[in-house]
Each structure stands twice: as C-alpha cells, then as structure tokens.
Amino acid sequence: MCFFQCLGGNSSAEVRIAALGATINFIQCLTSASDRDRFQDLLPPMMQTLTEALNCGQEATAQEALELLIDLAGTEPRFLRRQLVDVVGAMLQIAEAETLEEGTRHLAIEFVITLAEARERAPGMMRKLPQFIHRLFGILMKMLLDIEDDPVWHTADTEDEDAGESSNYSVAQECLDRLSISLGGNTIVPVASEVLPAYLAAPEWQKHHAALICLAQIAEGCSKVMIKNLEQVVSMVLNSFQDPHPRVRWAAINAIGQLSTDLGPDLQMQYHNRVLPALASSMDDFQNPRVQAHAASAVLNFSENCTPEILTPYLDGIVSKLLVLLQNGKQMVQEGALTALASVADSSQELFQKYYDAVMPYLKAILVNATDKSNRMLRAKSMECISLVGMAVGKEKFRDDAKQVMDVLMQLQGSQMEADDPTTSYMLQAWARLCKCLGQDFLPYMSVVMPPLLHSAQLKPDVTITSADSDADIDESDDESIETITLGDKRIGIKTSVLEEKATACNMLCCYADELKEGFFPWIDQVAPTLVPLLKFYFHEEVRKAAVSAMPELLRSAKLAVEKGLAQGRNESYVKQLSDYIIPALVEALHKEPEVEICSNMLDALNECVQVSGTLLDESQVRIIVDEIKQVITASASRKAERAERIKAEDFDAEEGEILTEENEQEEELFDQIGDCLGTLIKTFKASFLLFFDELSSYLTPMWGKDKTTEERRIAICIFDDVVEHCREAALRYYDTFLPFLLEACNDDNSDVRQAAVYGLGVCAEFGGSVFKPLVREALSRLDAVIRHPNATRAENVMAYDNAVSALGKICQFHRDSIDAAQVVPMWLNCLPIKGDLIEAKVVHDQLCSMVERSDGDLLGPNNQYLSKIVAVFAEVLCAGKDLATEQTASRMVNLLRQLQQTLPPSTLASTWSSLQPQQVLALQSILSQ
C-alpha cells in the first residue's frame, strides 16, 4: 500500500520520483512470473507519475521518471508484458509531442529501444507489436529531416564534418541502427520498404537524404533480408547518385560504402558493374569536394570485400582518377584518394605492380612535403598507402623506395610529436607492414621501432570512475570520445583514443614476433612482461585478443632462437622459464574471460603454446590445463541450458531462433578448440596423459550422445582416435567402451562424423591387435556401407569415403587372416586412387607401393590379372604431381614401373598400357624416360 500512496497524486514530485525508484528496485527483486503478475497493479500509478509530471509542465521530473523506467525496461521487461500496449503507446505519444523538449522525447524513444534490446530477458516481445514498430520508425524518419544545408558543410576541410546536423538527427541515426540490430530484418525491412520509396519520391532534398541515411543505418541489423532484395536496395541508392543536391549525393555514396561492408561480398559480386562506375563518375564532381572525397573513401569499403578478379577490369580507370585527385588542392580529397589507393592495392595485390611506377613518386612527395600541422593526417595516410602498396607489390619491386621511406619514418620517429598527432598510430602500423614486406631485412630498424611501440603498448588507460547511479555524466571534454562501461556499482569512462593506440601497438608486437621469428628474440624479455598482464585487460577486447595471439609467437621465437644458436648464449631452460610464465597466465585468463569468442582464441593459443613447449611442460601445468578444460565444458553447458530456457519464453520467434543459432555456433567453435587442445596433449604426452583422460571421461562420454550436436560428437570421436593412435597398447582398455559408439557413428548422417569414425576404425585396426579381431566382420560391413553409398564420392562425402578406403586398407594389412582376402583386397584396390583427403592419399598409396614390392598375391590376383589396375593407379598418382604421394613413394612407383617394363612379357605389357588413358601413357613415358 505504501507504494500506492507515495506514487499517488497528493505527494510532491520529489516523493513520487523517490517512490518510483523504490518501486522499481522492489520489482527488480521479484524472481518468479507469478510474483510479477501479483504486482501488476503497480504499473498504472508508476506511469501516472510520468504523465502527471508532463501535464503539470514539470519536464525535469518527467525526465527523471523516464530514466528510472528505462532502467526497468532494461532489467525487468517481462514485468511490462501484460500492459505493454498501453506503456509503449504512452511512450510513443510522448515521442510524437513536438511541444515537449527534445530531451524528453529522446528519453521516451530510448525506453522503447531499450525494450527492443532486452532480448535475453524477453526475447521477441517487441516484435509482437508491429503497429508500434511502424509508428516508431516514422518518428525516427521524421527526426532525420531535422538537418540544415549549412554552407560550412560544403567547404569543411575535415572529411567527417557534420555541420547542419541536429541532436534529433544524431539520435535518430543511432536508434535506427540499434532498432534494426535488436529486431532484425524480417521485422524492419517490410516497414522500411513501405516508408522509404515515398521519402525518395518527395520533392524535398531532406527526405531523399533521410531515406539514404536510414538505409545505411539499418543495413547491419537487416543484412540477411536485404541481401535477398539486393536489386531493389542497390537501385534505390544508385538512382540518388544523380540527385541535384550534393548532400543527397554524399548520402548515396555513404550508403553504398556502408552496404558494401554489411552486404558484402554478395553486393560486390552481383553489382560491381554498376557500383564502381558510379563511384568513379562521382570522383569527377570537382564542384563538390566533399562528394569527391567520400566517393574515394567508399572505394575502400567496396574493395575490402572484393576479390582481385572483380577489381581487375576497373583498375586502370580507378587508379588514374585517384592520381588526379591526389594532385587536387583540397586536402580531404587527397586524403580520400590515399585511402582508396591503399585499399585498391591491398585488394589487387601483385596486379598493382603495373601502377607502381606512376603512383609511388606522388606518395613519396606527400610523405616528404606534407610537414605542416594542418597536413598531419595527409602525411599519416601517405604512410598507410605506401606501406600497403609495398606489401601488395612485394619486396623486389619495393626494395629501393623502402630504404628512402624508412629513412623519413626514422627522422619522424625521432621528432617530438603532440599527443593528438595521428602520425604515431599510423606510423606503428606502417612499420609493421614494412616488416611484413621486407622480412629479415627489416631487423636493422627494430632498435628504432621498438621503444615507442613498447611505450604505446604500456599506455595506462585514461579512466574516470563514478558510481553507476550517479547523475553526473562523465566529462566528454577535449572533444575526445569516451567509452563508458558499468562494472557492478561503478561506471567507468575510458578515453578511446588511448585504448585504440594501445590495441594497435599490441597487434603490431604480435605481428613482428610472427614475421621475424627467431629475429625477435632480443625483445622477448621486454615484450612478455608487457603483454602477459594484458591477457586480463577487460577495458578493451582488441588488446586482449592481440595479447592472446602473441603468446605462442613469443614462445616460438624463443625456441627457434635457442635451436639455431641465436639466443645470446641461452639454452632450453630459457624456453622452459618463458613457458612457465606464459601458460599458467593464459589458463588463469581463460578462467576469467567473459567473451566466448575470446575463450576460443585463448584455447587456440594454449594449444599452440603446448605444441611449442612440448615435454617442457610438467605434470602440474598439464593438471591446470585439464582442470580449466573441465571448467570450460561446464560453463558452455550452462550457457546452452540458459538458451534452452529462452526458447521456452512466450515471445520466442524465428528471429530469436537465428540469434540463438549464432550463439550456439560460437560454442561449437569453442568445442573445436577443446578437441584440438586435448589432441595436442595426447600427442605430446602419449600414455602418461591417460590418467587425465580418465578424469575427463565423465565430461567427454556424454558428447557421444545422439542428443548432442554433430560437432560435439565429431570432437568426442576425434579425441578417442587420438588416444588410440598415440597411446597404442595403453589405450586397449578403452576399446570395449568406445568401439560400439565408433562403429555406429560410421554410418552417421553427418559426413564429418562419419569421417572421424571411419578414421578411428582404421587406427583401431592398426593398433588393436587381438582386441579388434572379433570386430573385423562388423567393421568391414560398416566400411562397405560408406564406400558403396551411391553418393560416396560427391564433394561433401569424399573425405569420409577416402578415410573409409584407408581404414579398409589397414584391415587388409593388419587382419588379413580374419578376412576373405581374395575378395576384400581387390575391392580395396578398386577404390584407388583416393584424391580428396591428401594426407590419407599419401598413406594409402604408400601402402599400395609396399604391397606391390613384396608381390602380394591377393593384390596382384591370379595370373597378375589386377596388374593393369595397379599400373593405372600408379599413372594417376604420378600424373597428379606431389598431391597424392610423397616424393619417396613416387620414386618407388617409378622404380616398380621400370622393373615391370623389363620383366613382363611384351604382350602383357602392351595390354596393360592399352587400358590407360592416352594422356596417362604419354605422361608415364615421359616420367620413365627421365
């Protein structure tokens, strides 16, 4: 009752706001649906607090009430479900009321968007209100019209100048993006298809502009649906390239740039012949440098998702236009041209060589001459362009200019730069690209490059902390963008420019270690203590990812340096020391990592570290890795269980189903990495790992279940395959448990599961001895079903087929006495050669060679009747070059063929040759005559 009294109309504004806050805190404590239903009566007086404040003209109070209700929408959206129509209707009414302050209307919109985004708690709820989505979309489109044709915009010398744009315009842009991501294309595209054509047909330029900006904003969230309607979308945008108003033309180019990113590579493959000529002609708009510059920049977006084959026919035209723009007096046009040239070079790679001599002198001239403060970004972009062109054309072509460019960069590196100078970040990346291009020739420059790079990687984040419920906004002064995150009861603001420089530097360190290998050794002692703590740098994902990727590179560099005697007198104990530092830190970071994708990256890095360290790892380190893998499996299972609960939500729909599928795909990737990691531990420690394998079996055995995903089943089988292959006799005790599963999986519907299972049968046949013998008959029947399947050799099944043929060969080799050899061995021969799985192909064709060398009677057949088939297989294998056999096997095949030429009667030889294809005969004659 207390809540009702305090929310009532007789209380003061302060009391009503306090009561609203207390009521929301109370609702947030309710855990069950029945409790939420019991207190539904609270919602009308809560909303009344807002409407009464507005009716009394108390907008400040109304804004406080809205902020509290937004908090409720984000944390307990289900409480609103029963009265959703009334609540959302009231909010949209506020958003439409032009007499109210912008701030109030924006908060009402924020409430509705927050509800749409509250997917985990109320999936699909807002999609049940299509009439409101239509209405909200209309409000946002109207807000996009709040833009003036400010003369400053046309002459702005910085490309991102947004003169004439209002706060309504900015809010609408952001909200369209968020709305499309949260509700998805099936909901938003039909609404946009209805609204946008009318806007494009209207006489006002603002409406054309709004429609194009809208398309760019919704593309990311609606990409799957928009790709199905590409013709309509692309035509809509390209028609506006001819619009009389330059701001509309700019918006059309902007839309093409965004669509190239969000709808690529489909857009590039289907519409290159319309998009690239349109962008090229926009580069001729000398009256409107903003349009020109943006057209050049859009080439970057287009070419990032583009193959060299698509770009090639347009290169002459685009490069010559960009060279004209490079000589333009307008700095932003030059900057756009540099960006475009860099991306075109990056996408076309060695095809760019023919333009190198024309382009490089201009690029070097800008690098050397653009020394004013006003030209800093121009010079920075020239560095980017030069380094990407160098990488594209390769070391030989670039070498002479590289020396000159690096001398200029070294001078710059030594000069004093201001904190906000973009040169630093661009130079870090340019040095790394030059290193990739020049390889070991870059080593002399490392002493210049590394000190500032380490300084950037060691930057402390510029952090401001306030309490999460504080009204004080984190200060965004100095025109710097600030990112805010909430951790518990603290709100943290971080300067993004510092984080971005730190992330770039960490990526570059990883890049140098990867490229220079043992040459990076002198820097490990400084780099490792810099990067290892950053495995837990929760302010920025890119920093963590870079630190994770660098771990195996540092270990590899140290190991190679020791092996090649380049480690300044240090020995293997140094590698062990580094491994003892890196691996436990990586495991601890994995334990605390909140993002599934980064957990996968960490397992991948851990796997590589174990491969490099090998038996330098001691038992205690293997123990912490195994314990953490158990944790990862458990955490993944609980995330899946949560998703299964979301499926039961009353508003769950197809769009939510797609999102869940994507989230579950991330779990599959995680399990993939678990499988690889355990495989490496088994290969490294062999039978001594089985103690840990026994512990893991309660986690792994359920993965064989029919209720599990195909990927989980495949991984469980691969782990067992590794145990059999690498632990030999010690693994025999697992056969009784796992072989029945393996035999059943040989005929699974999924070809990847089949492949893993039939490969496993092969290794069991090889190492199982008498334990496998009783199962030979069933194994043959299972393999026969895979090999004789009518679609066995189709692309999607060929890997399973090849592994089944290989397994059959192993049964022929190791269990000849348990089979009808006169029937089974020729059947195996008849399947050869295999050409899909190139690893198994080499094993199988080597086995064939050995059998011919020992004149295997079952293989040759009575009166050598299968000899012509054997020669045909040899011919096909030898004609395929190095793909289907090792060099050693190929030379044994050639020797066998020469022996046959000398020992066989001429008539047998003639009939053997006659069964070959004419081109095989020619190829064999050529090989044998060498």
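For region 255-284, enumerate the residues that are of a type in the set (A, V, I, L, M) and either more than 16 Å from ILE218 (Cβ to Cβ) or not in a helix (DSSP H, G or I) (or both). Those that are of a type in the set (A, V, I, L, M) and either more than 16 Å from ILE218 (Cβ to Cβ) or not in a helix (DSSP H, G or I) (or both): LEU263, MET269, VAL275, LEU276, ALA278, LEU279, ALA280, MET283. Restricting the search to helices (runs of 4 or more DSSP H) fully inside region 851-930 and requiring at least 1 residues that are under 50 Å from the mean Cα position of the chain (by Cα) and either among the basic types (Lys, Arg) or surrounded by 18 or more Cβ atoms within 10 Å (Cβ to Cβ) (or both) gives 857-860, 867-879, 887-903, 918-928. Going through (1) open to solvent by 10 Å² or more (accessible area, probe 1.4 Å); (2) in contact (Cβ under 8 Å) with a residue 24 or more places away in the chain one by one, LEU144 falls short only on (1).
For the residues GLU563, GLU542, the requirement of being at pLDDT below 95, over 26 Å from the mean Cα position of the chain (by Cα), surrounded by fewer than 19 Cβ atoms within 10 Å (Cβ to Cβ) and of a type in the set (Asp, Glu) singles out GLU563.
Contact annotation: residue pairs with Cβ atoms under 6 Å, 6 or more positions apart or on different chains, pairing a residue in region 591-620 that is over 15 Å from ILE682 (Cβ atoms) with a partner that is open to solvent by less than 70 Å² (accessible area, probe 1.4 Å) and in a loop (DSSP other than H, G, I, E, B), are CYS599/GLU593.
One line per residue, one yes/no per condition, for (1) under 23 Å from ASN747 (Cβ atoms); (2) modelled with pLDDT of 95 or more:
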{"residue": "PRO790", "(1), (2)": "yes, no"}
{"residue": "PHE814", "(1), (2)": "yes, yes"}
{"residue": "ASP856", "(1), (2)": "no, no"}
{"residue": "LEU867", "(1), (2)": "no, no"}
{"residue": "VAL873", "(1), (2)": "no, no"}
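The residues listed here are LEU555, LEU560; of these, the one that is touching a Ser or Thr at 6+ places or on another chain (Cβ under 7 Å) and closer than 19 Å to GLN611 by Cα is LEU555.
In this structure, GLU840 does satisfy being open to solvent by less than 30 Å² (accessible area, probe 1.4 Å) and either in contact with an Asp or Glu (Cβ under 6 Å, 6 or more places away or on another chain) or not in a loop (DSSP other than H, G, I, E, B) (or both). Candidates ALA402, ALA392: the one that is modelled with pLDDT of 90 or more and surrounded by 18 or more Cβ atoms within 10 Å (Cβ to Cβ) is ALA392. Go through the residues of region 617-632 one by one and say whether even a single one is within 23 Å of the chain's Cα centre (by Cα) and under 30 Å from ALA33 (Cα atoms). Among the residues of region 617-632, not one is within 23 Å of the chain's Cα centre (by Cα) and under 30 Å from ALA33 (Cα atoms), which makes the answer no.
Taking region 433-455 as the range and being small (Gly, Ala, Ser) and either in contact (Cβ under 8 Å) with a residue 60 or more places away in the chain or more than 14 Å from PHE520 (Cα to Cα) (or both) as the test, only GLY439 passes.
The set of residues in region 655-712 that are within 20 Å of ARG733 (Cβ to Cβ) and of a type in the set (S, T, N, Q) comprises SER688, SER697, SER698, THR701. Remark: pairs (first residue in region 814-833, free of Cβ contacts under 8 Å to residues at least 60 places away in the same chain and closer than 25 Å to VAL771 by Cβ; second residue in a loop (DSSP other than H, G, I, E, B) and aliphatic (A, V, I, L, M); Cβ separation under 7 Å; 6+ apart in sequence or on different chains) are absent. When ARG728, ARG713 are checked against the criterion of being touching a residue at least 24 places away in the same chain (Cβ under 8 Å) and on the phi > 0 side of the Ramachandran plot, a single residue qualifies: ARG728.
Can GLU667 be described as open to solvent by less than 10 Å² (accessible area, probe 1.4 Å), modelled with pLDDT under 95 and under 30 Å from MET126 (Cβ atoms)? So GLU667 fits the description; yes.
For region 218-236, which residues satisfy the criterion of being part of a helix (DSSP H, G or I), under 30 Å from GLU656 (Cβ atoms) and open to solvent by less than 40 Å² (accessible area, probe 1.4 Å)?
ILE218, SER223, VAL225, MET226, LEU230, VAL233, VAL234, MET236
With the structure loaded, tell me whether ALA252 is in a helix (DSSP H, G or I), more than 22 Å from THR155 (Cβ to Cβ) and of a type in the set (Gly, Ala, Ser) or whether it fails that test. When the stated conditions are applied, ALA252 does not pass them.
With respect to ARG816, determine if the residue is basic (Lys, Arg), surrounded by fewer than 24 Cβ atoms within 10 Å (Cβ to Cβ) and within 24 Å of VAL877 (Cβ to Cβ). Answer is yes for this residue.
Screening ILE819, ILE787 for residues that are among the β-branched types (Val, Ile, Thr) and under 27 Å from THR709 (Cβ atoms) leaves exactly one candidate, ILE787. When every residue of region 735-750 is checked against the conditions, at least one turns out to be buried (at least 16 other Cβ atoms within 10 Å of the Cβ) and hydroxyl-bearing (Ser, Thr, Tyr). With respect to GLU796, is the statement that it is in contact with a Ser or Thr (Cβ under 6 Å, 6 or more places away or on another chain) and part of a helix (DSSP H, G or I) true? Considered against the rule, which asks whether it is in contact with a Ser or Thr (Cβ under 6 Å, 6 or more places away or on another chain) and part of a helix (DSSP H, G or I), GLU796 comes out as no. Restricting attention to region 499-539 and to residues that are closer than 24 Å to PRO594 by Cβ and of a type in the set (D, E, K, R), the residue that is surrounded by the most Cβ atoms within 10 Å (Cβ to Cβ) turns out to be LYS502.
Within region 357-369, residues that are part of a helix (DSSP H, G or I) reach partners that are open to solvent by less than 40 Å² (accessible area, probe 1.4 Å) and modelled with pLDDT of 85 or more with beta carbons closer than 6 Å, at six or more positions or on different chains, in the pairs MET360/ASP401; TYR362/LEU326; LEU363/SER382; LEU363/CYS385; LEU363/ILE386; ILE366/SER382; LEU367/SER382; LEU367/VAL408. Residues in region 269-308 that are farther than 27 Å from HIS154 by Cβ and modelled with pLDDT under 90 were compared, and the one that is least open to solvent (accessible area, probe 1.4 Å) is CYS306.
Residue-level analysis places LEU100 outside the set of residues that are part of a helix (DSSP H, G or I) and either under 15 Å from THR51 (Cα atoms) or open to solvent by less than 70 Å² (accessible area, probe 1.4 Å) (or both).
Pairs linking a residue in region 74-86 that is more than 16 Å from ILE109 (Cα to Cα) to a residue that is open to solvent by 40 Å² or more (accessible area, probe 1.4 Å) and modelled with pLDDT of 85 or more, with Cβ atoms under 9 Å and 6 or more positions apart or on different chains, are GLN83/PRO44.
On inspection, LEU196 fails the criterion of being within 29 Å of the chain's Cα centre (by Cα) and open to solvent by less than 10 Å² (accessible area, probe 1.4 Å).
Of the residues examined, ALA822 is not one that is surrounded by 21 or more Cβ atoms within 10 Å (Cβ to Cβ) and part of a helix (DSSP H, G or I). Pairing residues of region 662-676 that are within 12 Å of ILE633 (Cβ to Cβ) with residues that are of a type in the set (Lys, Arg), at Cβ distances under 7 Å and at least 6 apart in sequence or on separate chains, gives GLU667/ARG639; GLU667/LYS640. I'm checking my understanding of the structure. Among residues of region 415-460 that are among the charged types (D, E, K, R) and part of a loop (DSSP other than H, G, I, E, B), which one is least open to solvent (accessible area, probe 1.4 Å)? Checked region 415-460; the qualifying residue least open to solvent (accessible area, probe 1.4 Å) is ASP421.
The values are calculated or read from the model by the stated rules, or taken from the named source; none is laboratory data. Bear in mind that the values here come from a model prediction, so they are computed numbers and not experimental data. FYI the Cβ positions are ideal-geometry reconstructions off the backbone, even for glycines, and counts take in every protein chain you see. These area figures cover heavy atoms from the full protein model, side chains too; ligands, DNA and RNA do not enter into them. Shrake-Rupley method; radii C 1.70, N 1.55, O 1.52, S 1.80 Å.
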